[in-house]
Amino acid sequence: MTVLPGQAAAQDDAAAAPADPLVLAASWLPSAEDGPGPTMTLSTLGLDGYPSARTVLLSRFDGERLHFHTDSRSRKAAELAALPRAAVTLVWPEAARQLVVVGDVAPVTDAEARAAYAARTRYLQVLAWVNDHEAAADTAARRRELWAAFEHERPDTDLEPPSTWAGFALTPVRMLFWRGATDAASNRLAYERQADGSWSQESWPG
Ligand SMILES: Cc1cc2nc3c(=O)[nH]c(=O)nc-3n(C[C@H](O)[C@H](O)[C@H](O)COP(=O)(O)O)c2cc1C
């Protein structure tokens, strides 16, 4: 979507924003049926206290939580075990939108993890099996051989997730919706979950 002059300002009035940011998020994010994506920057607290960030796929938004999946041996999994809090940043430059969600992270159920694996492309399903430290240190030729060997041994189309397949879901406590415009200042809608479960809402400059 290209932002036209006047368009974003008209549709993004703070007064017209829903009181529940999950409703607004549902209008920005693909629905669960749309499959995995878009990508997002997942930020965690590194074990050394420095920020730690990387790109992951949004596996799905279930209306309450943002799901993502990874390898249980990964750095992010260790960081989330130490502190189950994270931020995700999604950006749609062509729509002049950014969404930052901060919240608490918990493992998804086994059924949710399996469903997310089944929804991944074959490439990503195989990747989850063969992506380890040993292969990473190998030459490109050797990594291609390992991939081909796996495909030869496991041609089955309904691969099971490896035991290292790990799913997490982020429950938002803060949500920040940035809206840009070509003919007006950008602005942000900032929501914060209150102790009683309701959401506060403020308008911030972009
Ligand atoms: C476009 C893109 C999508 C990615 N999606 C995922 C993903 O869904 N899950 C994942 O674990 N890693 C994904 N990665 C790889 C991560 O960015 C990261 O390199 C990897 O997970 C190791 O991160 P860590 O060492 O911080 O745990 C993706 C990378 C790119 C560039």
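The values are calculated or read from the model by the stated rules, or taken from the named source; none is laboratory data. No experiment lies behind these values; they were computed from the predicted model shown. With ideal geometry, Cβ positions are generated from the backbone for all residues, glycine too; neighbour counts draw on all protein chains shown. We work out accessible area using only protein heavy atoms, side chains counted, and drop any ligands, DNA or RNA first. Shrake-Rupley method; radii C 1.70, N 1.55, O 1.52, S 1.80 Å.
The single condition among (1) out of contact with any Leu (no Cβ under 8 Å at 6 or more places or on another chain); (2) within 27 Å of Gly197 (Cα to Cα); (3) modelled with pLDDT of 95 or more that Glu64 does not satisfy is (1). Every test in (1) assigned to a loop (DSSP other than H, G, I, E, B); (2) more than 12 Å from the ligand (Cβ to nearest atom) is passed by Ala106 save one, and that test is (1).
Among the residues of the stretch 164-185, the ones that are surrounded by fewer than 15 Cβ atoms within 10 Å (Cβ to Cβ) and either farther than 20 Å from Leu29 by Cβ or without any contact (Cβ under 8 Å) to a residue 40 or more places away in the chain (or both) come to 3 in all.
Would you mention how many residues in the stretch 119-133 are loosely packed, with under 12 Cβ neighbours inside 10 Å and under 20 Å from Arg154 (Cα atoms)?
The total comes to 3.
In the stretch 50-73, the residues that are open to solvent by 30 Å² or more (accessible area, probe 1.4 Å) form Cβ pairs under 9 Å with partners that are hydrophobic (A, V, I, L, M, F, W, C) and assigned to a loop (DSSP other than H, G, I, E, B), at six or more places apart or across chains, as follows: Arg60/Leu29; Arg65/Val108. Residue count for the stretch 74-91 satisfying the condition of being in contact (Cβ under 8 Å) with a residue 60 or more places away in the chain and either more than 12 Å from the ligand (Cβ to nearest atom) or among the charged types (D, E, K, R) (or both): 1. Per the conditions (1) within 23 Å of the chain's Cα centre (by Cα); (2) over 21 Å from Pro21 (Cα atoms), the sole criterion not satisfied by Thr182 is (1).
Matching residues to (1) in contact (Cβ under 8 Å) with a residue 24 or more places away in the chain; (2) under 26 Å from the mean Cα position of the chain (by Cα); (3) loosely packed, with under 12 Cβ neighbours inside 10 Å:
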position	(1), (2), (3)
Val108	yes, yes, no
Ala111	no, yes, yes
Ala148	no, no, yes
Leu159	yes, yes, no
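Taking the conditions exactly as written (on the phi > 0 side of the Ramachandran plot and at pLDDT 95 or above), does Gly49 satisfy them or not? Spelling it out, Gly49 is indeed on the phi > 0 side of the Ramachandran plot and at pLDDT 95 or above.
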